[in-house]
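Contents: one structure, followed by commentary.
None of the figures in this text is laboratory data; all of them are computed from the coordinates on show. In this text the structure is predicted, and so the values were computed from the model without any measurement. Don't worry about glycine lacking a Cβ; one is built from the backbone with ideal geometry, like all the others, and counts go over all protein chains shown.
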Amino acid sequence: MAKPDKRRTTRRGAVSAALQKRISARRTIADQTISLAHLLGRPVLDDAGTRVGKVSDVVVRWDAGVTHPLVVAVLVGVGRGLAHVDLQDVALTQARVRLRSGRQIVSRPVRAEGEVALARDVLDRQLVDVAGVQVVRAADVYLVNGPRGWELAGIDVGVRSFGRRLLPKRRICPPPDRAIDWAELQTFVPRFPASAMPGKDGPAAAAGIIGGGVQLGRPAAQLKKLRARDMAAILAELGRGQQAQVAALATPSAAVEALRQLTSAQRAALLAELSESDRTRLQAMLDGGDAS
Amino acid sequence: MVRLLAVLAILGPGLIAANAGNDAGGILTYASAGAQFAYRTLFLMVLVTVALVVVQEMCSRLGVYTGEGLGGLIREQFSARSTFAAMVLLLIANAGLTVSEFAGVGAAMEIFGVSPRISVPITAVFVWALTVLGSYSRAERLFLVLTLAFLAYPIAAFLGHPNGKEVLSNLVWPHFLASHEFLVLAVALIGTTITPYMQFYAASACVDKGIKPADYRGERIDAVTGAIWSDIISVFIIIATAAAIGGSGPLQSARQAAEALRPAVGPYAPQLFAFGLLGASLLAASVVPLSTSYAIADATGAPRSVSNSLREAPLFYGIFTLQIVVGAAVALAPGNLVSLVVNAQVLNGIITPMLLTYVLILANRSNVLGTAKNGPIFKAVATVCVAVVGILSFVVLLETILGLG
């Protein structure tokens, strides 16, 4: 009777170790990514830890030629009003937003020229492809802490992502279901040409117009192919250690697809970070795919 | 006939949505009101008409000015949980109605001597194929022509020699009864006249037909006249039934409802009634599932148009197909048709105020409709309408839960 018990314990130990590794990898990545849907409504604390409001929105700056717009501010709901807090004055995490020393809450127009409020202008908005076909709605918006600071990584259009929003909010960033890199999204499109914000020009002018949406730079039929590209974009932005952890989280086929999107130098660097067995397995899958 | 078809060719979503309201459930509920309480529900119908005009106009305005259906607007303006709740409520309400539409088809064909076991499956395939594979707009017009058979009701109402003084007095002054049965029927009448599917359909069809804000004047006329026209027919159904079998208690069968047409067409009353019931049921059997498909596809953002192919809009047509299959299958189950249909209307009556609240909030918001948002008077009237419908539904729900009925 002792033998099976021992085997079970060993196996449980192995499973537990793998799970621990997976959880800790996810935690590391989760620290560097934020799901907007699960951030909204989270508390905003002052430097003494007292709640001063809740997260109402996150604002990014829309500069020409930038594929992943930088987060510039957080809109904080204080009572029935909104306060605009510059990103440099806060520490952003999935569970809470903490004001750095001294409160820097400034009251100014919620959306300045060239700024996009993500909850209002992107989350739950329609995604339109190049042919004008309405494809899907954004179920979540992902922010990544890249070398330049917090930036808009992409949107998630998965049903699972929408389903998660029906449950209590997560304190750790949940993994994307069907993510689309923001670089794949071109501009905001109003439903009626005349309905852009009066007196405003540029791609962000149509943001937030009811009935408008975000335009995808490719036909709807190619949408399902975007996940690997998105992962690759995120991988390229992160440090090498984190890249390996991201790859470890992915299913082998998704990881291989993502690896194919990288340059050979990036791929070699990432593979070097993996364990011997993972490296051999992924390399074999890569070689197999290339051969076919 | 040619002129009639020409008029029907330019009919807008407002008239189609409101006319679909006089569906199998509607006709049997109105007839039941006439049979059970004679003319006493007429004043209620006047109030319901005001509410219907207000609600249908708001929905058309939302569709035209935002370019979004109600499902999409709810997703953009409310939380994910609210969107999910609204879609589940709509799905439940519409599932009950789809069953009653197919039950209506079965009852109509039974008058012609065709068993529902044969007529219902054939009709389900027919409605599905016309909508998914054929030209939906042509099918829509065909169904509308069939509903013209109900023009026989106004004729029957006059030929049935109703008590004119009593009719007039009941139309302008309430003669309500303080009974559970009356309250339940009142909610059923509201539920069958102001239905969530008509609201979702009106907004989405305006978007699907590409009606722009510049064309809204015409669409408003369409929405208002459609609502009034549909309720005039409803009132005549009540009067004709009340004159023929008023006070005889709850309606037991569709054939009994057809008796009200006897003064107009004599022995052909059942056949004429069957034609009208068939047209109304066919129209609603496509409109009701379509409204669910529009709403859910709209909320998820998936392609949604009757002009899309099956491959282009799989979710839209998938939901449509599922409802047709389930609706037809349940309608074939044995049971009392009239009580099933009236119960589906009561369920709609309870769900309606919840969904109407979303419509009201959306139409009041300036960030949704801009200058086209509800004005102060319209807002007050709409709020009272939603509140009254809500209170009545709540009372029925409470009575049912507490077992007071």
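Some points to look at:
- Chain lengthening between B:Val145 and B:Asn343 when straightened (0.36 nm per residue, less Cα-Cα): 68.5 nm
- Computed from the C-beta positions of A:Met285 and B:Leu91 and an R0 of 56 Å, the FRET efficiency is 0.85 to the nearest 0.05.
- Selection among B:Gln36, B:Ile194, B:Gly113 by position relative to the dipole of chain B gives B:Ile194 as farthest towards the positive end (Cβ unit charges, Cα centre).
- Inter-part distance where segment B:249-327 and segment B:201-237 are each reduced to a Cα centre, Å: 18 Å
- In nm, spacing of pseudo-spin labels at A:Ala95 and A:Arg80 (7 Å Cα→C-beta vector): 3.4 nm
- Local electrostatic count at B:Ala223 - Lys and Arg +1, Asp and Glu -1, tallied over other residues with Cβ under 14 Å: -1
- What the phi angles of segment A:69-74 give under the Karplus curve with 6.51, -1.76 and 1.60, with θ = phi - 60°, is a coupling list of x, 7, 6, 10, 7, 10 Hz, glycine and proline written as x.
- Two-decimal log10 I(q)/I(0) for segment B:2-402, as the Debye equation yields it once each C-alpha is a single scatterer, q = 0.11, 0.12 Å⁻¹: -0.72, -0.87
- A:Arg148-B:Thr371 FRET efficiency (beta carbon distance; Förster radius 41 Å; 0.05 resolution): 0.50
- Within the shell of other residues whose beta carbon sits under 14 angstrom from the beta carbon of B:Leu360, the net charge comes to +3, with Lys and Arg scored +1 and Asp and Glu -1.
- B:Val125 versus B:Ala333: modelled label distance in nm, points set 7 Å from Cα along the beta carbon direction: 2.4 nm
- Based on Cα atoms of segment B:285-351, Rg over Rh with Rh as the Kirkwood radius reads 1.07.
- Across peptide B:63-76, the average count of Cβ atoms from other chains found within 10 Å of a residue's Cβ is 4.
- Whole-Å distance, taken between Cα centres, linking segment B:339-355 and segment A:31-74: 43 Å
- The slack in the chain from B:Asn364 to B:Ile155, taken as 0.36 nm per residue of separation less the alpha-carbon distance, amounts to 71.1 nm.
- Spin-label model, B:Leu322 to B:Ser307: label points 7 Å out along the Cα-to-beta-carbon direction sit 2.7 nm apart.
- Only the Cβ atoms of Lys and Arg (+1) and of Asp and Glu (-1) were treated as charged; on that basis the dipole of segment B:2-402 about its Cα centre amounts to roughly 420 debye.
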